[in-house]
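Remarks on the structure that follows.
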Amino acid sequence: IFWRKNNPIVTKDSAIFVLGDASGSMRGLPYTSLAASYMILNEATSKLNIPAEYTLFTEVAVPEYYLVKRFNERVSSDAILSRMGHVERLMGNNPDGEALIWAAKRLLSRPEKRKILLVLSDGQPATRALGDAHTHLIKVAAEVSKRVDLFGIGLMTDSVKDFYNQYVIVNDPNELDKMFLNILRKKIIG
């Protein structure tokens, strides 16, 4: 999948950050598919030696962020499953705007020239914070996309088109892994 015959071209100076929605609506097949995708991405980015971080975000009382895999960390598929399993019981709202700010700061602190931020969500932002979460996400996404290659990934929803200039809609959770690999192929591998 990752190598052109006799001529692999890999953009080395890149870092990838995946921000996954861990709201209550992601329970079941969407969350299981996200875990499988993280395991496949982990294998691919490790083989290509590309720094990648996989995270989850939710909100019970306040926005919460969980590191499934840190940049430059080597983890097994079992570790990914274990870390995601701990978060599954905590699923609440999805403060997308706040999570995007948090993720962008982490990614922008990286030394690589190319920074790719993938945001996976299955719906509209929902937060306990006062204010308009939709307008906030639109503004944050516009600012972040000036500094990183930002993609919204809509899982069985087209709502990402309202927030992200670059987006992909995945109607079958079982297709998440292929979608992630296609983005990796297009953005990292020439």
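The values are calculated or read from the model by the stated rules, or taken from the named source; none is laboratory data. Keep in mind that what you see is a predicted model, and the values were worked out from it rather than measured. Cβ placement follows ideal geometry from the backbone for every residue including glycine, while neighbour counts extend to all protein chains displayed. The protein model used for the area step is the full one, side chains on, heavy atoms only, and it has no ligands, DNA or RNA in it. Shrake-Rupley method; radii C 1.70, N 1.55, O 1.52, S 1.80 Å.
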Exercise for review: Check the straight Cα-Cα distances from Lys161 and name the aspartates and glutamates below 20 Å, setting aside those fewer than 8 residues away within the same chain.
Suggested key: Asp21, Asp96, Glu98, Asp122, Asp132, Glu143, Asp149, Asp172, Glu175
Review point. Suppose every K and R has +1 on its Cβ and every D and E has -1 on its Cβ; what is the size of the dipole of the chain about the Cα centre, in Debye to the nearest 20?
Key: 940
Point to revise | Solvent-free Debye scattering, log10 I(q)/I(0), computed from the Cα coordinates of the range 13-56 at q = 0.27, 0.34 Å⁻¹ | key: -0.94, -1.21
**Study point:** Whole-number D in µm² s⁻¹ for the chain, Kirkwood Cα-pair radius fed into Stokes-Einstein, 37 °C, 0.692 mPa s
**Key:** 199
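Accessible area per residue, 1.4 Å probe, Å², for the chain: what's the number? Before the final figure, lay out the partial values.
Numbers: 9030 Å² over 190 residues.
Accessible surface, normalised per residue, equals 48 Å².
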Study note, to complete from the structure: Partner lysines whose C-alpha sits under 18 Å from that of Lys105, ignoring same-chain residues fewer than 8 away, are Lys69, Lys113, Lys115, Lys139, Lys146
Check your understanding: On the accessible surface of the chain, probed at 1.4 Å, how many percent belong to carbon and sulfur atoms?
Key -> 52
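May I ask you to compute the full-extension gain from Leu90 to Met156, defined as 0.36 nm times their residue separation minus their alpha-carbon distance, rounded to one decimal in nm?
Numbers: separation 66, 0.36 × 66 = 23.76 nm, distance 2.19 nm.
Stretched out fully, the Leu90 to Met156 stretch lengthens by 21.6 nm.
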Point to revise | Paramagnetic reach from Asn72 in the range 25-52 [backbone N under 16 Å; point 7 Å along Cα→Cβ] | key: 46, 49-52
Exercise for review: Would you mind checking the range 45-72 for residues with the amide N under 16 Å from a putative spin-label position 7 Å along Cα→C-beta of Ala129?
Suggested key: 57-66
Point to revise | Amide proton proximity set for Asn94, modelled H, under 5 Å, gap of 5+ | key: Ala126
